[in-house]
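Presented below is the structure to which this report refers.
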Amino acid sequence: MRMTVVLTTIAVLLLIWWLLRFLPATAEAHMPMPYSTALDRHLWVPAVVGAIWSAILGYWWGFALYMALLILVVAGESPYYRHLFGKPSETPHPDDAASDSTTDSRTDIAMDDRTSDTVSRQSGKPIHAMTLNCRYGRANAADIVRLVREQHIDVLALEELTPALLDRLAREGLDVLLPYCQQGVSHNDDNGGFNAIWSRAKPMARTATFLNIHAADVPAVSIGVDAQDTSDGSTARAVTVAAAHTKSPMRGCREWSYGVRALDAIATSPEPVVVLGDLNACLDHRCLRDVLATGVHDASLDVAHGPTLTYPSWVPWPRIELDHALANSGVVFHSAQAITVRDTDHRALLVTLSVR
């Protein structure tokens, strides 16, 4: 009898824990909510243990409670796996690949010539982008430059930069591969360092502060996306790509919540916009879901092959998805994958995108 009470109490507390995700974003901006919510996706572990334990004891009410929790956790992850119920809504670009979040491999997508031509006309030249939190400037510069070279990166966003890391990147040849750079202004209250964004193509415009998120400056560049010239009189299209790093909850829950929610500004931009970076939030956080509800979309959700788990880099499990590529309706994501870089606690997030 005493054991059934313990099992019931634990099950109810776990259910309440999971349901806290539906509180308003303002309620989420208090300790320890950001951290407890980030673990929601791992509640399947106590759910399975509790269900097995209840079944062994023949306590079927407890079994039902733990199975209900398990179903809720799985349902919370289901948006990442739309391919199980049908194809993702966006047509993949012929040059792109979708990646599994648990591997670094890519899967080629075969398309006939007519489909390829149609996508090319609609989406323009694909852009390969990468973002990485450099952990107080400690990330291995050689690894970063190698990935830029091997993955044919067109736009690179780095967070938690330091002058010393910039020097190491230059010595490794980053400025040769990506000659155009826009840095955010460094401030004493930056969370771990400043942000910067590099481009292979000459930017049509650039700014040091694209969004005000009460954290490190969000530098951005606008780059052309059309593979051909516009001699027919049409206007050259461009996409703005920004590097963002919201404050972590430990540096202020209110600032963290505000910074994430401020990203919804890109939804109303008349031009295509992409925000890359360590956003210190995952889909379980209400503040990020509120942003997505405005029309902003996430690369991992678009690809629908599972969350692209990026933190922490040193263990395969449990990882969570803190690094994101967000965009407004003018952008289509075609692939997303995470790759480990030495000497930093985040994995690099690589995405391929194009403009509608």
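The values are calculated or read from the model by the stated rules, or taken from the named source; none is laboratory data. Keep in mind that what you see is a predicted model, and the values were worked out from it rather than measured. When we count neighbours, we look across all protein chains shown, and the Cβ atoms used for this are built from the backbone with ideal geometry, even at glycine. Each accessible area value is taken on the protein alone, full model and side chains, heavy atoms only, with ligands, DNA and RNA left out. Shrake-Rupley method; radii C 1.70, N 1.55, O 1.52, S 1.80 Å.
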Which listed residue is over 20 Å from S199 (Cα atoms) and in contact with a Leu (Cβ under 6 Å, 6 or more places away or on another chain), from A304, A281:
A281
Restricted to segment 314-328, and to residues that are modelled with pLDDT of 95 or more and assigned to a loop (DSSP other than H, G, I, E, B), which residue is farthest from the chain's Cα centre (by Cα)?
N328
Matching residues in segment 248-261 - criterion: being open to solvent by 20 Å² or more (accessible area, probe 1.4 Å) and closer than 13 Å to N212 by Cβ
E255, Y258, R261
Exactly one condition in (1) at pLDDT 95 or above; (2) surrounded by 18 or more Cβ atoms within 10 Å (Cβ to Cβ) is not met by R146; state its number.
(2)
The residue from D290, D345 that alone is modelled with pLDDT of 95 or more, closer than 24 Å to A142 by Cβ and either charged (D, E, K, R) or assigned to a loop (DSSP other than H, G, I, E, B) (or both) is D345
Residues S313, S300, S269, S354: which one is open to solvent by 10 Å² or more (accessible area, probe 1.4 Å), small (G, A, S) and touching a His at 6+ places or on another chain (Cβ under 8 Å)?
S313
Helices (runs of 4 or more DSSP H) fully within segment 1-74 counting 3 or more residues that are open to solvent by 40 Å² or more (accessible area, probe 1.4 Å) and out of contact with any Pro (no Cβ under 9 Å at 6 or more places or on another chain)
2-19, 44-57
Select from segment 293-313 the residues that are in a loop (DSSP other than H, G, I, E, B), at pLDDT below 95 and of a type in the set (A, V, I, L, M) and list them in ascending order.
A304
Of everything in segment 222-239 that's modelled with pLDDT of 65 or more and assigned to a loop (DSSP other than H, G, I, E, B), which residue is least open to solvent (accessible area, probe 1.4 Å)?
V225
Just one of the numbered conditions (1) in contact (Cβ under 8 Å) with a residue 60 or more places away in the chain; (2) closer than 22 Å to S36 by Cβ is not true of V315; which one?
(1)
Restricting attention to segment 180-191, which residues are surrounded by fewer than 20 Cβ atoms within 10 Å (Cβ to Cβ), of a type outside the set (D, E, K, R) and outside any strand (DSSP E or B)?
V185, S186, H187, N188
Just one listed residue, out of A139, A215, is part of a loop (DSSP other than H, G, I, E, B), touching a helix residue (DSSP H, G or I) at 6+ places or on another chain (Cβ under 8 Å), closer than 23 Å to I339 by Cα and not polar (S, T, N, Q), and it is A139
